[in-house]
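Novice: Could you have a look at this structure, given as structure tokens, before my questions?
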Amino acid sequence: MSTTTDPLVENKGKPDTPWHLWVVGVIATLWNSGGALDYTMTQTRNESYMSGFTPEQLEYFYSFPAWADGVWALGVWGAFIGSLLILLRSRHAITAFGISLVGLIGSFLYQMTADMPPSLSTPGIWIFTAVIALSIIFLLWYTRAMAGKGVLR
């Protein structure tokens, strides 16, 4: 008779949490907290935070229509909440990242059609936007994979 035990039996059918879930969850939370901070400071017009922008840039940020602020909020807060839900091993992280992706697409459409100051339409800004998009796509894929393996409940 074997003395080894099956981890699934010990955990009542729940798979062990892989180490990479904690790494992805912590990094995602740190990364997306930056977006949450930026959104909050911009929306509250925090003088100290916004002092690094030119008057032209501030005018652009403060003139967003309500729908653009709304999709920005969906993108930022969906990603931040999704990151926390990874750490809680919740399958609802998938929904949060889906909402974030919808917000990101809406924000991107606004950026493409708005009268953006040239100082905000640089290759560096667009590369950063692409990195944000890739991170959300990765996190959506990752949470779906983890849910499929039963890691997220």
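Novice: Suppose all protein chains stay in the model; what accessible area per residue would a 1.4 Å probe give for the chain, in Å²?
Specialist: 60 Å²
Novice: So what does residue 102 come to for accessible area, using a 1.4 Å probe and Å² rounded to 10?
Specialist: 90 Å²
Novice: Continuing with the same structure: From the list (i) 1.13; (ii) 0.95; (iii) 1.06, can you say which value of Rg/Rh (Cα atoms, Kirkwood Rh) was derived from the structure given?
Specialist: Working out Rg/Rh (Cα atoms, Kirkwood Rh) from the coordinates points to (i).
Novice: Using the beta-carbon distance between residue 84 and residue 133 and R0 = 25 Å, what value does 1/(1 + (r/R0)^6) give for FRET efficiency, to the nearest 0.05?
Specialist: 0.75
Novice: May I pose another question? How much accessible surface area, in Å² rounded to 10, belongs to the heavy atoms of residue 81 with a 1.4 Å probe?
Specialist: About 80 Å², rounded to the nearest 10.
Novice: A follow-up question, please. Using a simple spin-label model with points 7 Å from Cα along the Cα→Cβ vector, what separation in nm is obtained for residue 26 and residue 111?
Specialist: In this crude label model, residue 26 to residue 111 measures out at 2.9 nm.
Novice: FRET efficiency for residue 122 and residue 144, Cβ-Cβ distance as r, R0 = 30 Å, nearest 0.05?
Specialist: 0.35
Novice: Based on DSSP H runs of at least 4 residues, each adding -39500 (n - 2.57), what is the mean residue ellipticity at 222 nm of the chain after dividing by all its residues, to the nearest 500 deg cm²/dmol?
Specialist: Using -39500 (n - 2.57) per qualifying helix, the result is -24000 deg cm²/dmol.
Novice: Carbon and sulfur together cover what percent of the accessible area of region 67-143 at a 1.4 Å probe radius?
Specialist: Roughly 81 percent, rounded to a whole number.
Novice: In addition: Counting only the heavy atoms of the protein chains, how much of residue 59 is accessible to a 1.4 Å probe, in Å² to the nearest 10?
Specialist: 130 Å²
Novice: Charges only on Cβ, +1 for Lys and Arg, -1 for Asp and Glu: so what's the dipole of the chain about the Cα centre, in debye to the nearest 20?
Specialist: Approximately 760 debye in magnitude.
Novice: Next question, about the same structure. Roughly how far apart, in whole Å, are the Cα centres of region 86-125 and region 33-60?
Specialist: Comparing the Cα centres of region 86-125 and region 33-60, I get a distance of 17 Å.
Novice: Work from the charge dipole of the chain (Cβ charges, +1 for Lys and Arg, -1 for Asp and Glu, about the Cα centre) and give the residue of 51, 116, 32 farthest towards its positive end.
Specialist: Farthest towards the positive end: 32.
Novice: Whenever you get a sec, line up 72, 31, 126 from highest to lowest accessible area (probe 1.4 Å, protein heavy atoms).
Specialist: Highest to lowest solvent-accessible surface, that is 31, 126, 72.
The values are calculated or read from the model by the stated rules, or taken from the named source; none is laboratory data. Not measured: the values here are computed from a predicted model. Every residue, glycine as well, gets a Cβ built from its backbone with ideal geometry; the counts of neighbours run over all protein chains shown. Accessible surface is based on the protein model in full, side chains and every heavy atom, while ligands, DNA and RNA are left aside. Shrake-Rupley method; radii C 1.70, N 1.55, O 1.52, S 1.80 Å.
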